[in-house]
Amino acid sequence: MVFFLRYSKDLFQKSALQAVLALLVLTGSALAQEPENSPETAGAVAGAASETVAGDAVDAEAAAEIPDNPEVADADTAAAPESVATAQEEPESQPNIAVYVTGDVPDNEKKALGTHILAALVNSGRYNGIERTDIFLAEIDKEQIAQRSGAIDDSQISKLGRQFGVKYVCIADITPALGAFQVSARIVNVETAEVAFIGQATSPLATMDDLTTVSDKVVRRMFNQPEPPEKESLFRKPIIEISVGAGGIIAGGYGGGMAWPDGSRVKMPYTAVGVYLFFDAVYAEMFFGYISGNGKWESPNVADPQNLPNMPRTYINAGLFAKYPFSFFERIKLFPLLGLDYEMSISGKLKYANSDDYVFDGANDHPEANALSSLWFKFGGGIDFDMGKTVYLRSELIYGLRAANSFEHFCADRLQSETWAEFGQGVAVKIGVGARF
């Protein structure tokens with residue numbers, strides 16, 4: 001028993017000595033392989049070895065903070081300035097820009113156009129809009145930079161732009177011309193007062209869509225960017241457009257007259273020519289005409305047609321049509337017509353073969369000339385062909401229906417109670433030349 005205890009003691013001392021020697025050897029080897037390690041690193045290695053012998057785990061967070069390899073640590077340290085340099089070399093944000101609009105249009109329209117142009121410039125990816133746009137524009141108006149002639153002093157705008165931290169100012173001019181508006185815009189460098197880009201486009205500026213379209217066109221043309229193809233439409237965009245014109249008319253009427261229960265008929269046809277003036281406002285046409293013609297009465301129940309009179313007459317007319325235009329191929333416009341036309345007779349007579357005349361003058365129990373007047377309900381269509389920017393040719397084909405006039409009722413009453421007056425109908429062809437304002 002004593003021997004066993006002694007043997008165990010010697011074995012324990014020997015093992016402890018071997019462990020100490022092994023620890024010293026490992027420490028010396030580590031120092032020999034890493035002579036450049038700092039004292040802190042050596043202490044960390046020694047502490048880690050002691051903890052390994054004791055059986056404790058190394059704290060993961062502490063281990064992460066201590067570099068395993070000095071060369072890697074040096075590389076990370078060297079990379080840090082490089083990262084800072086890279087961040088400094090990143091491209092700067094887009095330059096600021098403001099938009100100023102001038103022209104002989106209401107202020108709210110100028111403001112709306114300026115907003116759309118600014119949106120198009122920002123969406124192009126080249127510029128940023130300034131946050132104090134309203135203040136900047138108010139300052140321009142306050143300084144009265146716009147001259148009486150409507151011109152803009154770019155140098156003064158550039159000066160204000162620098163005060164507001166703006167690098168560029170887009171100056172847009174709106175000029176009414178030939179029933180439309182020309183929008184021209186230029187981008188001015190506030191540092192040099194030089195024009196960097198310029199673009200222009202035309203538009204009726206009648207709707208909000210027009211503002212968006214013309215703004216996009218101006219910006220695209222500034223930077224020579226291709227424009228998207230326009231959508232073709234049969235409908236002509238409504239624009240504020242007034243035109244006047246004059247032309248000739250050929251009118252033909254038939255029907256009307258009197259009828260009897262046995263089928264007998266007396267018709268009052270006529271053919272007339274004349275001139276007319278018209279006023280057009282896109283969706284409406286007003287006209288005035290002077291027309292003269294004649295026609296021989298007709299009846300299938302008269303044995304001797306020579307006994308039927310010829311009726312020459314002259315009248316003036318006035319009417320109003322509603323219309324809706326459709327555009328084709330830019331130069332052609334088609335439009336349906338619907339409206340009323342009143343014919344006021346100013347003279348008329350019945351001429352018989354025996355030279356007896358029945359004059360509509362109110363004498364000798366004769367009715368007056370206005371007894372031949374009548375109201376027409378008409379519909380048809382027309383076509384305009386543009387000859388230039390303002391001049392166009394117009395032709396119309398119109399069909400009409402009318403109620404019986406006073407003379408037809410007069411005859412029906414004079415003949416017999418079973419006689420009645422009939423309505424009439426007719427066709428008119430108009431050809432004229434118009435000019436737009």
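FYI, it's all coordinate maths here, none of it is from the lab. Just so you know, these numbers come straight off a predicted model, no measurement behind them. FYI the Cβ positions are ideal-geometry reconstructions off the backbone, even for glycines, and counts take in every protein chain you see.
Side notes on the structure shown:
- Those residues of segment 340-367 whose amide nitrogen sits under 14 Å from the label point placed on ASP413, 7 Å along Cα→Cβ: 365-367
- Distance between the pseudo-spin-label points of ALA403 and THR115 (7 Å out from Cα toward the beta carbon): 5.3 nm.
- FRET E, pair ASN123, ALA193, Förster distance 22 Å, beta-carbon r, rounded to 0.05: 0.25
- Ordered by the count of other Cβ atoms within 10 Å of each Cβ, fewest first, VAL219, VAL391 give VAL391, VAL219.
- Kirkwood hydrodynamic radius computed over segment 96-222 comes to 14.4 Å, based on all pairs of distinct alpha carbons.
- Loop-located GluC sites (Glu not before Pro) in segment 295-358, at most 13 other Cβ atoms within 10 Å (DSSP): GLU330
- According to the calculation over all Cα-Cα pairs in segment 243-436, the P(r) per 10 Å bin from zero is 9, 34, 28, 17, 9, 3, 0 %.
- Shown here for segment 319-426: trypsin sites (Lys or Arg not before Pro) in loop regions (DSSP other than H, G, I, E, B) with at most 12 other Cβ atoms within 10 Å, namely ARG331, LYS389.
- Among the chymotrypsin sites (Phe, Trp or Tyr not before Pro) within segment 330-376, those in coil by DSSP and having at most 15 neighbouring Cβ atoms inside 10 Å are TYR352.
- Amide H contacts under 5 Å for TRP420: ALA259, restricted to partners 5 or more places along the chain or on a different chain, H placed in the peptide plane at 1.01 Å from N.
- Unsatisfied cross-links (Cα-Cα over 27 Å) in the set LYS111/LYS167; LYS111/LYS323; LYS111/LYS333; LYS267/LYS333; LYS323/LYS430; LYS217/LYS333: LYS111/LYS323; LYS111/LYS333; LYS267/LYS333
- If the convex hull is drawn through the Cα atoms of segment 272-373, its volume per residue in Å³: 148 Å³
- Computed FRET value (nearest 0.05) for LEU334 with VAL275, which takes r as the C-beta separation and R₀ as 22 Å: 0.35
- Potential extension, PHE377-ASN301 segment - 0.36 nm per residue separation minus Cα distance: 24.4 nm
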